[in-house]
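Chemist: Attaching a single structure in structure tokens format; questions to follow.
The values are calculated or read from the model by the stated rules, or taken from the named source; none is laboratory data. Since the structure is predicted, the reported quantities are computational estimates derived from the model, not experimental observations. Cβ sites come from the backbone with ideal geometry, for glycine too, and all protein chains shown count toward neighbours.
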Amino acid sequence: MMVLPSVHNLETFAELGGSAVRGLQQTRPTALVLNAGSSSLKFALFELASEPLRLFEGSVSRIGADDSRLKILDGVSAVLTDETGPCVNHPAALDWAMTELDSVADVDAVDIVGHRVVHGGPDCDCPQPVTAQLESYLRKLIPLAPLHLPANIEGIVAARLRLPKATQIACFDTAFHHTTPAIARKTGLPREIERQEIRRYGYHGLSCEFVIDHINRTEGKEAASAAIIVAHFGAGASMTAVMNGKSIDTTMGFSTLSGLPMATRCGDIDPGLVLYLLQAKGMSTSDLQSLLYEQSGLLGLSGISGDMKDLLASSEACAHDAIDYFCFQARKRIGALAASMCGVNRIVLTGGIGAHAPTIRAQILRPLETLLPLRLDKARNESGGPVISKDESLIKLNAMPTDEELVIARHAASFAADDETASELS
């Protein structure tokens with residue numbers, strides 16, 4: 001690998017051919033952003049300026065397998081590392097990634113580690129420093145997000161072991177939805193039960209935050225204050241009604257199971273059916289959890305795959321049935337969220353499917369032209385946006401990638417600035 005001088009902007013990266021920078025000397029605080037999934041660990045290293053600069057990013061996939069894969073890209077998406085090997089757990093995955101990154105950056109000098117944490121419960125409405133008390137609190141919340149929080153906590157433990165001097169902060173997917181009105185948080189259960197942690201929460205808040213902030217930065221406050229539906233379609237999927245930059249309603253409720261059908265999660269289901277499976281079919285709670293979280297959704301409906309790309313490429317009728325069901329449910333939710341706001345000015349489709357699957361976007365949006373004043377532009381949609389509506393459409397339609405890691409890095413930058421201010425005043 002060639003040795004290059006220290007650089008601090010993407011233009012310089014590009015001028016140097018997008019190569020990695022060995023011995024990169026970070027002159028500003030740095031943040032490592034971690035997104036720990038059940039069998040994966042996504043990461044990104046940022047330099048914290050007024051706008052964080054992404055230096056490197058990557059992932060470890062198939063954690064727990066003998067053929068785990070580590071991939072690292074530099075700031076202009078040039079591949080630095082792409083290798084496989086056994087990786088037993090998240091601490092081992094982080095150590096693997098940091099060892100490779102250490103050849104191009106001083107990762108042991110990382111100032112802040114920012115974590116995407118799916119659930120913050122009823123109390124965490126903004127990013128929080130990770131303390132022993134917070135970690136204990138998150139462990140108590142595991143029953144609220146049983147497939148996500150254990151991995152998120154594993155990421156926190158891994159960072160503490162590998163980077164003990166760094167400040168850790170937790171950024172919650174549920175925090176964005178703390179602004180929803182009380183009526184939208186209710187479950188229909190008795191009041192004495194809802195007084196505690198039982199309520200509708202909402203998820204994919206970091207993605208929503210990125211979308212609204214992006215509109216504000218590129219189009220101004222007035223555009224970001226409009227009635228907007230943010231549709232995050234990926235392996236997990238939810239939609240959020242946003243007015244004046246705040247969450248008003250969302251398709252996900254108490255758990256990450258609810259709302260739209262997802263890769264392997266069922267989406268909304270009649271609670272009577274759950275009781276029937278437990279009582280009449282004799283299913284155990286662990287079997288039922290596996291059924292609802294891991295065997296349903298696109299995977300269960302198609303019997304082929306939970307990956308939308310696989311279903312779109314398939315000629316099997318069951319694959320198309322699964323796609324039709326997803327699009328049908330998405331259309332219904334757009335209508336419901338528009339009703340929550342008494343109108344809608346813009347619909348933004350993001351996430352892996354929302355940003356990159358024009359066929360799915362068309363199948364969801366085109367039938368709505370008879371109900372709502374929106375007009376999808378075929379050429380713009382197929383080219384990938386960011387604007388995919390016709391000029392005369394009264395509802396603006398966007399397709400754009402999200403960047404949850406950047407949102408976390410921005411929060412890390414705020415923490416770093418606060419620490420610097422405190423140091424100057426002390």
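Chemist: Find the helices (runs of 4 or more DSSP H) located wholly in the range 332-387 whose residues include 1 or more that are closer than 20 Å to residue 207 by Cα, and list them. So that I can check it myself, show each step before the final result.
Modeler: Details: elements: 351-356, 358-365, 378-383.
Counting at least 1 such residues, we get 351-356, 358-365.
Chemist: Give the residue, chosen from 221, 281, 332, that is within 30 Å of residue 183 (Cβ to Cβ), more than 20 Å from the chain's Cα centre (by Cα) and loosely packed, with under 13 Cβ neighbours inside 10 Å.
Modeler: Only one candidate qualifies: 221.
Chemist: Go through (1) touching a Leu at 6+ places or on another chain (Cβ under 9 Å); (2) touching a residue at least 12 places away in the same chain (Cβ under 8 Å); (3) under 30 Å from residue 285 (Cα atoms) one by one and return the number of the condition residue 147 breaks.
Modeler: (1)
Chemist: With touching a residue at least 24 places away in the same chain (Cβ under 8 Å), in contact with a Ser or Thr (Cβ under 9 Å, 6 or more places away or on another chain) and crowded, with 21+ Cβ neighbours inside 10 Å as the only criterion, which of 252, 243 stands out?
Modeler: On the way: 243 fails: crowded, with 21+ Cβ neighbours inside 10 Å.
None of the others qualify; the one that does is 252.
Chemist: Of everything in the range 87-101 that's closer than 14 Å to residue 71 by Cα and of a type outside the set (A, V, I, L, M, F, W, C), which residue is surrounded by the fewest Cβ atoms within 10 Å (Cβ to Cβ)? Spell out how you get there, then give the answer.
Modeler: At the first step, the residues of the range 87-101 found to be closer than 14 Å to residue 71 by Cα are 87, 93-101.
Restricting the remaining residues to those that are of a type outside the set (A, V, I, L, M, F, W, C) gives 95, 99-100.
Numbers: 95: 15, 99: 12, 100: 18.
Per the stated criteria, the residue is 99.
Chemist: Tally up the residues in the range 305-318 that are exposed (fewer than 14 other Cβ atoms within 10 Å of the Cβ) and in a loop (DSSP other than H, G, I, E, B), please. Don't jump to the end; show me each part of the working.
Modeler: Residues of the range 305-318 exposed (fewer than 14 other Cβ atoms within 10 Å of the Cβ): 309, 313, 315-318.
If we keep only those that are in a loop (DSSP other than H, G, I, E, B) too, we end up with 315-316.
Final tally of qualifying residues: 2.
Chemist: Turning to a different aspect of this structure: Within the bounds of the range 65-75, is there any residue that is at pLDDT below 90 and either among the acidic types (Asp, Glu) or closer than 25 Å to residue 145 by Cβ (or both)? Walk me through how you get there before you give the answer.
Modeler: Filtering the range 65-75 for residues at pLDDT below 90 gives 65, 75.
Right, trim to either among the acidic types (Asp, Glu) or closer than 25 Å to residue 145 by Cβ (or both) and you get 65.
Yes.
Chemist: Taking the options 298, 257, name whichever one is within 15 Å of residue 233 (Cα to Cα), outside the structural domain of residue 149 (by TED's automatic domain parsing), surrounded by 14 or more Cβ atoms within 10 Å (Cβ to Cβ) and in contact with a Cys (Cβ under 8 Å, 6 or more places away or on another chain). First the steps, then the outcome.
Modeler: Values: 298 fails: in contact with a Cys (Cβ under 8 Å, 6 or more places away or on another chain).
That would be 257, the only listed residue that is within 15 Å of residue 233 (Cα to Cα), outside the structural domain of residue 149 (by TED's automatic domain parsing), surrounded by 14 or more Cβ atoms within 10 Å (Cβ to Cβ) and in contact with a Cys (Cβ under 8 Å, 6 or more places away or on another chain).
Chemist: Kindly indicate which of 107, 113, 118 is surrounded by 21 or more Cβ atoms within 10 Å (Cβ to Cβ) and over 23 Å from the mean Cα position of the chain (by Cα). Step through it out loud before you land on a result.
Modeler: Values: 113 fails: over 23 Å from the mean Cα position of the chain (by Cα); 118 fails: over 23 Å from the mean Cα position of the chain (by Cα).
Result: 107 is the single residue among 107, 113, 118 that is surrounded by 21 or more Cβ atoms within 10 Å (Cβ to Cβ) and over 23 Å from the mean Cα position of the chain (by Cα).
Chemist: Same structure again: Being out of contact with any Ser or Thr (no Cβ under 8 Å at 6 or more places or on another chain), modelled with pLDDT under 95 and not aliphatic (A, V, I, L, M) is true for just one of 289, 329, 279. Which residue is that? So that I can check it myself, show each step before the final result.
Modeler: Working: 329 fails: modelled with pLDDT under 95; 279 fails: modelled with pLDDT under 95.
Answer to the selection: 289.
Chemist: Also, I was wondering about something else. Out of the range 272-304, which residues are on the phi > 0 side of the Ramachandran plot and in a loop (DSSP other than H, G, I, E, B)?
Modeler: Result: 282, 303.
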